[in-house]
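I have a structure here, written as structure tokens, and I will follow up with some questions on it.
The values are calculated or read from the model by the stated rules, or taken from the named source; none is laboratory data. Since this is a predicted model, take the numbers as computed values, not measurements. Using ideal geometry, Cβ is built from the backbone for each residue, glycine included, and neighbour counts are taken over all protein chains shown. Calculation scope for accessible area: heavy atoms of the full protein, side chains included, ligands and nucleic acids excluded. Shrake-Rupley method; radii C 1.70, N 1.55, O 1.52, S 1.80 Å.
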Amino acid sequence: MRIIIAGGHGKIALRLARRLGSGVVGLVRNPAHVADVEATGAEAVVCDLERASAGEVARIAGGAGAVVFAAGAGPGSGAARKETVDKGATVLLADAAEAAGVRRFIQVSGMGAGKPPAPGRDAVWAAYIRAKTEAEDDLRARDLDWTILRPGRLTDDPGSGLVRLAPEVPPGSVPRDDVAAVIAALLDAPGTVHRTLELVSGDTPVADAVAGG
């Protein structure tokens, strides 16, 4: 299955591409990142989701079996880029998926989305939570086979393959390795369509957690 990953140079996306093998297309904004994506065995396509049109992205996505939104403005970015990337780029990718006839859509969101920002957090964090929440709401309103995944605090620890996945879980952390493993499993899990799932480390093997999600 051909799979389009937005944010193809991100830490989760690179792990996911290595796991999925051939057929993956990673969208990158910076041409300097092409080699890193190709080193995973994926194809890299330069496409700036803050500037591209839905039609341009739809042409890339044509014939794909699924799209994964794993992009993000990232640490150090301001509130404006939370709006253009964490919300705007997600909406653009969903528009493109609809135009290209790609029904399966996995959105990597963040724990805390769907609720008001916690008191005492700064303005940039509040903008991030608002952007993720609005992106989720936009996706839920579409006729796509979507799944929204909200990981907890991300770490670069080696994955354990053991997670806790449910509509609501206590706050916690999760290795990016395990996030990638869960996304890979979600792609082939029709029972998770139209579900919003939170993810942290736990004691359930990924396959069992996704099957029960």
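Need the list of aspartates and glutamates near Lys132 for cross-linking: C-alpha distance under 12 angstrom, and skip anything on the same chain fewer than eight residues off.
Glu83, Asp86
How far is the Cα center of the range 21-83 from the Cα center of the range 105-121, in Å?
22 Å
Can you list the GluC sites (Glu not before Pro) in the range 94-189 that are in a DSSP coil and have 11 or fewer other beta carbons within 10 angstrom?
Answer by residue number: Glu168.
Another question about this same structure. Just to confirm, what accessible area per residue do you get for the range 1-138 at 1.4 Å probe, in whole Å²?
44 Å²
Multiply the residue separation of Asp143 and Ala123 by 0.36 nm, subtract the distance between their alpha-carbon atoms, and state the gained length in nm to one decimal.
3.9 nm
Same structure again: With each run of n ≥ 4 DSSP H residues scored as -39500 (n - 2.57), what mean residue ellipticity at 222 nm is computed for the chain after dividing by its residue count and rounding to the nearest 500 deg cm²/dmol?
Result for the chain, helices only: -9500 deg cm²/dmol.
Taking θ as phi - 60°, what are the ³J(HN,Hα) couplings along the range 173-187 by the Karplus curve (6.51, -1.76, 1.60), each to the nearest whole Hz, with x for Gly and Pro?
Residue by residue, the range 173-187 yields 10, 7, x, 4, 4, 6, 4, 4, 5, 5, 4, 4, 6, 5, 4 Hz.
Next up: Mind listing the phi-derived Karplus ³J(HN,Hα) values for the range 92-106, rounded to whole Hz, using 6.51, -1.76 and 1.60 with θ = phi - 60°, and x for any glycine or proline?
Going residue by residue, I get 4, 5, 5, 4, 5, 4, 4, 5, 8, x, 9, 8, 7, 9, 9 Hz, with x marking Gly and Pro.
With a cut-off of 8 Å between alpha carbons and a minimum separation of six or more residues, what is the relative contact order of the chain in percent?
Value for the chain: 18 percent.
Once you have a ≥ b ≥ c as the square roots of the Cα gyration tensor eigenvalues for the range 102-213, tell me rounded if a/c is under 1.5, and otherwise prolate or oblate according to whether a/b is larger than b/c.
oblate
Right, something else. Classify the range 1-151 as rounded, prolate or oblate from the Cα gyration tensor: take a ≥ b ≥ c as the square roots of its eigenvalues, call it rounded if a/c is under 1.5, otherwise prolate when a/b beats b/c and oblate if not.
It is prolate, given that a/c is not under 1.5 and a/b is the larger ratio.
Percent relative contact order of the range 96-213, based on C-alpha pairs within less than 8 angstrom and at least six residues apart?
28 percent
Given Cα pairs under 8 Å that are at least 6 residues apart, what percent is the relative contact order of the range 1-66?
36 percent
Just check the range 28-95 against the gyration tensor rule for me: Cα atoms, a ≥ b ≥ c as the square roots of the eigenvalues, rounded for a/c under 1.5, and otherwise prolate or oblate depending on whether a/b exceeds b/c.
oblate
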